[in-house]
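Asker: Input: one structure, supplied below.
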Amino acid sequence: MPRWTPCKDAIHLAPSLLASDFGRLADSVRSLEGSGTERLHVDVMDGVFVPNFTFGTDTVRALKRITTLPLELHLMIVEPDRHLETFANAGADAITVHYEVCPHLHRTLSAIRALDCRSGAAINPSTPASNLDDILEMCDLALVMTINPGYGGQKLIPRTLLKVAHVRAEIDRQGLDTEIEVDGGVDASNARACVEAGANVLVAGTAVFGHPDGPAAGGQAVLAAGRGAGAGVTDAAVR
Ligand code: DX5
Ligand code: ZN
């Protein structure tokens, strides 16, 4: 059973630790206090599915010791099925896998739920959103990549928001509680456009940890924009 009760209609912030100082992870997590953070987004990369390496199970274990925030793992790795149990045991509360590397995605998502983690499926910008239609009922979370995965600090690809709108329509049509997360280049200038397209979880790395006034201010700015206050939408953000 999924551990988190989905809260429909609420907009959530999931700061991505990828943009934090890896040498001071504990301080980075503490610096989120007051930002409105309800979960941590942990990007796991294997140098194969994406050309970069990041955190592994030891880091997840360490994070679990220093925070009570739920840990949402975004696995950008090939053959994730081989590692689901290891990551669950390390302390994952949610595990998101990529559609592109899961030939039996329904089975993979079932396995994640059986490990008492929330299940997530992610799609790259080049993957049609409709590829998720038939497994949405197995997803607690649908992650629409708004950049090509692998690195933080990239610019949101506007066309991906059309895919968010497709996934939102399909979730509503099927009467599901599945959350929709946008990941990549999300900041205060486009957060509202993401929400208007149908997202309710905003992953933000650079906009949070790179904010000139610190991560708490960065998180608040993204969340306020997403919820309709503050910076708001610019038409350019969706074109
Ligand atoms: C990239 C990761 C993202 C990344 C987002 O592959 O999945 O979570 O950290 O970082 P920003 O917000 O800087 O684009
Ligand atoms: Zn991510």
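The values are calculated or read from the model by the stated rules, or taken from the named source; none is laboratory data. Because the structure is predicted, anything quoted here is derived from the model rather than measured. Backbone-built Cβ (ideal geometry, glycine too); neighbour counts: all protein chains shown.
Asker: State all residues of region 65-95 that are small (Gly, Ala, Ser) and within 19 Å of His106 (Cα to Cα); if no residue qualifies, say none. Break it down into steps so the answer makes sense when it comes.
Answerer: Just the residues of region 65-95 that are small (Gly, Ala, Ser), to begin with: 88, 90-92, 94.
Result: Ala88, Ala94.
Asker: Can you confirm whether region 165-184 contains a residue that is surrounded by 23 or more Cβ atoms within 10 Å (Cβ to Cβ), hydrophobic (A, V, I, L, M, F, W, C) and more than 16 Å from ligand 2 (Cβ to nearest atom)?
Answerer: yes
Asker: Here is a follow-up. Sort through Leu161, Leu141, Leu202, Leu223 and tell me the only one that's away from ligand 2 (no atom under 15 Å from the Cβ), crowded, with 16+ Cβ neighbours inside 10 Å and under 23 Å from Glu100 (Cβ atoms).
Answerer: Numbers: Leu141 fails: away from ligand 2 (no atom under 15 Å from the Cβ); Leu202 fails: away from ligand 2 (no atom under 15 Å from the Cβ); Leu223 fails: under 23 Å from Glu100 (Cβ atoms).
Of the residues listed, the single one that is away from ligand 2 (no atom under 15 Å from the Cβ), crowded, with 16+ Cβ neighbours inside 10 Å and under 23 Å from Glu100 (Cβ atoms) is Leu161.
Asker: Now, a different point. In contact (Cβ under 8 Å) with a residue 60 or more places away in the chain, of a type outside the set (Val, Ile, Thr) and within 17 Å of Leu156 (Cβ to Cβ) - does that describe any residue in region 210-220?
Answerer: Yes, region 210-220 has at least one match.
Asker: Looking at Gly47, Gly120, Gly91, which one is within 16 Å of ligand 2 (Cβ to nearest atom), modelled with pLDDT of 95 or more and on the phi > 0 side of the Ramachandran plot?
Answerer: Values: Gly120 fails: on the phi > 0 side of the Ramachandran plot; Gly91 fails: within 16 Å of ligand 2 (Cβ to nearest atom).
Unique residue meeting the criteria: Gly47.
Asker: Against the condition assigned to a loop (DSSP other than H, G, I, E, B), more than 16 Å from the chain's Cα centre (by Cα) and over 22 Å from Thr68 (Cα atoms), how does Ser126 come out, does it pass? So that I can check it myself, show each step before the final result.
Answerer: Values: assigned to a loop (DSSP other than H, G, I, E, B): yes; more than 16 Å from the chain's Cα centre (by Cα): yes; over 22 Å from Thr68 (Cα atoms): yes.
So Ser126 passes the test.
Asker: Looking at Ala92, Ala88, can you tell me which residue is in a loop (DSSP other than H, G, I, E, B) and either away from ligand 1 (no atom under 16 Å from the Cβ) or crowded, with 19+ Cβ neighbours inside 10 Å (or both)? Outline the logic, then answer.
Answerer: Values: Ala88 fails: in a loop (DSSP other than H, G, I, E, B).
Exactly one residue qualifies, and that residue is Ala92.
Asker: Filter region 183-209 down to the residues that are under 21 Å from Leu32 (Cα atoms), of a type in the set (A, V, I, L, M, F, W, C) and more than 10 Å from ligand 1 (Cβ to nearest atom) and list them by number.
Answerer: Listed by number, the residues that qualify are Ala188, Ala191, Val201.
Asker: Go over the candidates His83, His74, His12, His98 one by one and state the one that is within 27 Å of Asn124 (Cβ to Cβ), away from ligand 2 (no atom under 15 Å from the Cβ) and surrounded by 13 or more Cβ atoms within 10 Å (Cβ to Cβ).
Answerer: Numbers: His74 fails: away from ligand 2 (no atom under 15 Å from the Cβ); His12 fails: away from ligand 2 (no atom under 15 Å from the Cβ); His98 fails: away from ligand 2 (no atom under 15 Å from the Cβ).
Only one candidate passes the filter, namely His83.
The rows are residues; the columns are (1) within 20 Å of Met145 (Cβ to Cβ); (2) in contact with a Lys or Arg (Cβ under 8 Å, 6 or more places away or on another chain); (3) among the basic types (Lys, Arg); (4) without any contact (Cβ under 8 Å) to a residue 24 or more places away in the chain.
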position	(1), (2), (3), (4)
Leu73	yes, no, no, no
Glu79	yes, no, no, yes
Phe87	yes, no, no, no
Gly91	no, yes, no, no
Ala94	yes, yes, no, no
Tyr99	yes, no, no, no
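Asker: Another question about this same structure. Give the residues of region 27-54 that are farther than 13 Å from Gly152 by Cβ, assigned to a loop (DSSP other than H, G, I, E, B) and not polar (S, T, N, Q), sorted by residue number.
Answerer: Answer for region 27-54, where residues must be farther than 13 Å from Gly152 by Cβ, assigned to a loop (DSSP other than H, G, I, E, B) and not polar (S, T, N, Q): Leu32, Glu33, Gly34, Gly36, Glu38, Arg39, Gly47, Val48, Phe49, Pro51.
Asker: Next question. Please give the strands (runs of 3 or more DSSP E) falling wholly within region 129-239 in which 3 or more residues are at pLDDT 95 or above, closer than 29 Å to His104 by Cβ and within 15 Å of the chain's Cα centre (by Cα).
Answerer: 141-145, 179-183
Asker: Identify the residue in region 17-26 that is of a type outside the set (Lys, Arg) and part of a helix (DSSP H, G or I) and, among all such residues, is nearest to Ala207 (Cα to Cα).
Answerer: Within region 17-26, the subset of a type outside the set (Lys, Arg) is 17-23, 25-26.
Now narrow it down to the ones that are part of a helix (DSSP H, G or I): 17-19, 22-23, 25-26.
Working: Leu17: 11, Leu18: 12, Ala19: 9, Phe22: 17, Gly23: 19, Leu25: 17, Ala26: 19 Å.
Top of the filtered list is Ala19.
Asker: From (1) in contact with a helix residue (DSSP H, G or I) (Cβ under 9 Å, 6 or more places away or on another chain); (2) assigned to a strand (DSSP E or B), pick out the condition that doesn't hold for Asp81.
Answerer: Failing condition for Asp81: (2).
Asker: Please identify the pairs in which a residue from region 30-53 that is over 30 Å from Ala225 (Cα atoms) has its Cβ atom under 8 Å from the Cβ atom of a residue that is of a type in the set (Phe, Trp, Tyr) and exposed (fewer than 13 other Cβ atoms within 10 Å of the Cβ), counting only partners at least 6 apart or on another chain.
Answerer: Listed by first residue and then by second, the contacts come to Asp46/Phe53; Gly47/Phe53.
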